[in-house]
Amino acid sequence: MSKQYKRVLTIAGSDPSGGAGIQADIKTISACGCYAMSAITAVVDENTFEVKGVHPVPATFVRGQIESVLSDIGADAVKIGMLHSSELIMAVKEALAPYNIRNIVLDPVMVATAGNDLLKQEAVRTLQHELIPLTRIITPNIPEAEVLSGQKIGSKEDMLAVIKSLSCNNTISVLLKAGHLSDNELTDIFYNAETREILELKALRIASQNTHGTGCTLSSALASFLAHGFSLDESVRKAKEYMTQAILHGADYGIGKGHGPVHHF
Ligand code: PLP
């Protein structure tokens, strides 16, 4: 692979409707100018309004996919999405271990907007104790952060307290997304563990029903900008801007009967 073409591996679930999961990740990584690779953890039977079933890929086969691409092509960044079970989390951890990849972005995917569990309850602690400590940054939304921390979030003070508890003694950066709060002005809070700084990222809520896969899109854009060599602060800002534009440009789409996809450039 030439030095100019940055490589991003996404480890995530497949969404046949093309709006979330691996499909959103590949579109985003490509739009952000990187070379996209994918290791599939689960095949999800879903569309824009319901999740009908989850078919996990055997753990040894997930591990195999990761080893195959990393031993051959390598990666400048890895984005991790849906992991489904403790067994899959451990397989991903073991497969990544020999490669010492710094740019690991983890989107702790748990529940789809359609309401179904994409991560089993039994896997929450494994995710927290086994995988999060290996990442550079995690990107939970409010419900995910509540599950991971065991704390309710209703205010900015709560967000700051939860970030502290998720940052593994201030070593892991956390972008806590405010989209699930009811305010019209949304303030994501970003803790940068490398500079020890807290940044508030304000944005106006965009009226759109097409928000399927926004979390996948943001974390993939973030992994892509880190792969390009931008700092954490710059990568977070650029990824947020990519996602804002993706929601704005996708707002008028009439794809599917439920929450349709965002636009990819
Ligand atoms: N389906 C898959 C395979 C995913 O990885 C994700 C990721 O968050 C979702 C669905 C979630 O979709 P939504 O953005 O509609 O909650």
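Output the residues belonging to the stretch 126-153 that are among the charged types (D, E, K, R), crowded, with 16+ Cβ neighbours inside 10 Å and part of a loop (DSSP other than H, G, I, E, B).
Arg136, the sole residue that qualifies.
Taking only the stretch 217-236 into account, find how many residues are farther than 11 Å from Val105 by Cβ and buried (at least 24 other Cβ atoms within 10 Å of the Cβ).
Number satisfying all stated conditions: 1.
Suppose the filter is of a type in the set (S, T, N, Q) and more than 16 Å from the ligand (Cβ to nearest atom); does Thr126 pass it? First the steps, then the outcome.
Numbers: of a type in the set (S, T, N, Q): yes; more than 16 Å from the ligand (Cβ to nearest atom): yes.
Here the answer is yes, as Thr126 does meet what is asked.
Which residues, taken from the stretch 18-67, are β-branched (Val, Ile, Thr) and more than 13 Å from the ligand (Cβ to nearest atom)? Quick ask: steps written out before the conclusion?
Taking the stretch 18-67 as the starting set, the residues that turn out to be β-branched (Val, Ile, Thr) are 22, 26, 28-29, 40-41, 43-44, 48, 51, 54, 57, 60, 62, 66.
Ile29, Thr60, Val62, Ile66 - these are the residues of the stretch 18-67 that are β-branched (Val, Ile, Thr) and more than 13 Å from the ligand (Cβ to nearest atom).
Hey, could you check the stretch 116-159 for residues that are among the polar types (S, T, N, Q) and touching a residue at least 12 places away in the same chain (Cβ under 8 Å) and say which is farthest from Gly81 (Cα to Cα)?
Gln151
What number of residues within the stretch 200-215 are under 22 Å from Gly13 (Cβ atoms) and either among the small types (Gly, Ala, Ser) or exposed (fewer than 14 other Cβ atoms within 10 Å of the Cβ) (or both)?
Counting residues in the stretch 200-215 that are under 22 Å from Gly13 (Cβ atoms) and either among the small types (Gly, Ala, Ser) or exposed (fewer than 14 other Cβ atoms within 10 Å of the Cβ) (or both) gives 2.
Of everything in the stretch 203-230, what is away from the ligand (no atom under 16 Å from the Cβ), of a type outside the set (Phe, Trp, Tyr) and under 17 Å from Arg7 (Cα atoms)? Give them in sequence order.
Of everything in the stretch 203-230, those that are away from the ligand (no atom under 16 Å from the Cβ), of a type outside the set (Phe, Trp, Tyr) and under 17 Å from Arg7 (Cα atoms) turn out to be Ser224, Leu226, Ala227, His228, Gly229.
So which of Asp117, Asp107 is touching a Cys at 6+ places or on another chain (Cβ under 7 Å) and among the acidic types (Asp, Glu)?
Every option except Asp107 fails the conditions.
Collect the residues in the stretch 164-202 that are small (Gly, Ala, Ser) and closer than 15 Å to Ile142 by Cβ, keeping them in residue-number order.
Ser165, Ala178, Gly179, Ser182
Pairs, please: C-beta under 6 Å, at least 6 apart or cross-chain, first residue in contact (Cβ under 8 Å) with a residue 40 or more places away in the chain and within 16 Å of Ile11 (Cβ to Cβ) and in the stretch 51-64, second among the polar types (S, T, N, Q) and not in a helix (DSSP H, G or I)?
Val62/Thr41
Inside the stretch 1-94, counting only strands (runs of 3 or more DSSP E) that do not spill past its ends, which hold 2 or more residues that are over 14 Å from the mean Cα position of the chain (by Cα)? Working first, answer last.
Working: elements: 7-14, 35-46, 51-56, 77-80.
Qualifying strands (runs of 3 or more DSSP E): 35-46, 51-56.
Can you tell me which residue is nearest to the ligand (Cβ to nearest atom) among those in the stretch 102-116 that are surrounded by fewer than 18 Cβ atoms within 10 Å (Cβ to Cβ) and in a loop (DSSP other than H, G, I, E, B)?
By that ranking, first place goes to Thr113.
Rule-based calculations on the coordinates, nothing more; no lab input. On a predicted model such as this, the values are computed, not experimentally measured, just so you know. Note: ideal-geometry Cβ built from the backbone for every residue, glycine included; neighbour counts use all protein chains shown.
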